[in-house]
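For reference, the structure discussed in these notes is given below.
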Amino acid sequence: MDKLVINGGKPLYGSIDISGAKNAAVAIVPAALMASSGVCVIDNIPDIEDVLCLERILLSLGCRVDKVANTITIDSSIINGTDAITNDMRNMRASYYLIGALLGRFREAKVVLPGGCPIGVRPIDQHIKGFEALGAVVKIEGGTVFVTAEKLIGTSIYFDVVSVGATINVMLAATLAEGTTILENSAKEPHVVDVANFLNSMGANIKGTGTDVIRIVGVSELKGCDYSVIPDQIEAGTFMLATAGCGGEVIINNVIPKHLESITAKLEEMGAQVIQNGESVTVKSEGKLKGVNIKTLPYPGFPTDVQQPMSSILAVSMGRSIVNESIYESRMMHVDELKKMGAKISVEGRIATIDGVDKLTGAKVRATDLRAGAALIIAGLIADGVTEITDIDHIDRGYLNIEEKFRKLGADIKRVTE
Ligand code: EPZ
């Protein structure tokens with residue numbers, strides 16, 4: 001097993017390029033199988049494990065999948081089945097997008113129930129509600145989801161919970177339904193908009209993404225297209241927070257500053273400087289920040305996916321900070337690991353109370369999930385001494401070559417194979 005070894009306490013200087021958005025790519029790759037003719041050529045695809053797993057699943061379904069650097073070419077005209085069961089899909093969340101894509105094109109799908117980060121129950125009841133509203137029959141047996149539909153008929157669907165996954169998944173199926181579907185109380189994340197833009201490039205008719213009401217007029221078929229995935233809002237946020245916490249000055253290229261506004265606002269409140277410049281943001285920090293309160297919310301609120309990395313810098317910020325994780329019921333597993341490094345944090349349910357300490361001290365810690373891993377990297381970069389992070393396969397699911405990107409900024413971090 002690999003581990004990351006960090007010798008912390010150094011400021012970060014230089015520039016890095018952000019990769020394509022994981023949470024857009026893991027929906028766009030499955031969506032590509034909806035093209036009954038033509039070829040999808042998709043650029044800025046991040047070479048991360050979750051995306052590689054989906055590429056393997058499309059190959060197992062008979063698609064032709066070629067990759068050159070970060071451009072993937074997918075030909076789904078020759079697909080030979082709708083049984084998308086493969087062993088390695090059990091440890092990722094986004095395999096559920098295969099249901100909406102296969103149901104939309106073939107009116108049937110067989111997919112294992114999603115895995116992913118252990119940060120809560122993470123049900124898919126809203127996905128099922130949407131599929132059933134369109135006319136599908138959904139059965140779950142032995143951890144496998146079987147979905148079939150004679151027809152898919154457009155309708156109005158009101159989501160009980162704002163859900164990124166349900167919004168995208170039902171949008172996929174509705175794209176090839178008969179008639180018009182209205183999705184209400186929809187998620188507005190940048191990656192929801194990106195998936196809709198990709199589908200429209202394939203010939204779909206979707207309007208309203210980025211608001212909470214999305215209108216989808218069903219079309220008869222989708223074709224291949226050329227597309228480029230948006231930059232990863234969460235990776236950019238992770239590097240912004242790391243720079244603010246370590247101190248220094250870093251130019252973060254290939255971003256959409258608007259997607260980072262809630263993170264920028266919080267960092268400025270804490271005393272860091274964030275300068276937007278076209279498709280880059282520059283973060284400047286003396287390293288000593290003021291504690292703030294955080295409440296995670298659906299976009300455009302503070303993203304839950306940077307709550308854990310933010311907690312690492314709040315652990316060494318001045319004063320008391322309250323973190324309210326309103327999206328997930330148990331996204332606090334990084335706290336016990338941060339406490340091994342000297343953090344003063346207490347957790348009651350979804351609320352973490354963080355009392356800033358002067359410094360953290362390096363320790364042996366474990367990445368319990370993807371963004372907890374990112375939080376521990378930031379804590380290790382800030383801490384005095386050596387931090388060893390194990391179970392970093394979680395981190396590789398969502399960040400491409402994260403240690404190389406930090407090394408480029410002057411961090412003393414290396415991947416060691418045990
Ligand atoms: C996506 O997960 C992201 N994953 C998550 O990122 C992200 O944290 C989340 O959206 C919120 O932004 C991918 O895109 C692959 P949700 P998703 O459905 O779609 C509840 C990361 O670190 N809910 O928006 O699974 C759910 O339990 C990962 O990159 C239902 O109750 O999230 C949660 O409390 C972690 N019923 C809330 O809604 C449902 O049917 C938001 O979940 C679906 C969700």
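Structure summary
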{"quantity": "Boolean, Leu61 is over 28 Å from Glu404 (Cβ atoms), surrounded by fewer than 24 Cβ atoms within 10 Å (Cβ to Cβ), away from the ligand (no atom under 11 Å from the Cβ) and of a type outside the set (S, T, N, Q)", "calculated": "yes"}
{"quantity": "Close pairs from the stretch 25-37: first on the phi > 0 side of the Ramachandran plot, partner surrounded by fewer than 24 Cβ atoms within 10 Å (Cβ to Cβ) and among the aliphatic types (A, V, I, L, M), Cβ under 6 Å, at least 6 apart", "calculated": "none"}
{"quantity": "Identity of the residue in the stretch 110-133, within 10 Å of the ligand (Cβ to nearest atom), in contact (Cβ under 8 Å) with a residue 12 or more places away in the chain and part of a loop (DSSP other than H, G, I, E, B), that ends up surrounded by the most Cβ atoms within 10 Å (Cβ to Cβ)", "calculated": "Ile119"}
{"quantity": "Residues of the stretch 391-414 that turn out to be surrounded by fewer than 17 Cβ atoms within 10 Å (Cβ to Cβ), modelled with pLDDT of 95 or more and not acidic (Asp, Glu), as a count", "calculated": "4"}
{"quantity": "Residues that are touching a residue at least 24 places away in the same chain (Cβ under 8 Å) and of a type in the set (S, T, N, Q), drawn from the stretch 375-403", "calculated": "Thr387, Thr390"}
{"quantity": "Selected residue (only one of Met318, Met332 is assigned by TED's automatic domain parsing to the domain that holds Pro11 and in contact with an Asp or Glu (Cβ under 8 Å, 6 or more places away or on another chain))", "calculated": "Met332"}
{"quantity": "Verdict on Leu103 being within 16 Å of the ligand (Cβ to nearest atom), modelled with pLDDT under 95 and either assigned by TED's automatic domain parsing to the domain that holds Asn200 or more than 23 Å from Val229 (Cα to Cα) (or both)", "calculated": "no"}
{"quantity": "Qualifying positions in the stretch 157-208 - within 18 Å of the chain's Cα centre (by Cα) and more than 14 Å from the ligand (Cβ to nearest atom)", "calculated": "Ala196, Asn197, Phe198"}
{"quantity": "Residue satisfying condition, being of a type in the set (Gly, Ala, Ser) and either at pLDDT below 95 or in contact with a Leu (Cβ under 8 Å, 6 or more places away or on another chain) (or both), within set Ala166, Ala133, Ala177", "calculated": "Ala177"}
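The values are calculated or read from the model by the stated rules, or taken from the named source; none is laboratory data. Just so it is clear, the model here is predicted, and its values are computed rather than measured. Every residue, glycine as well, gets a Cβ built from its backbone with ideal geometry; the counts of neighbours run over all protein chains shown.
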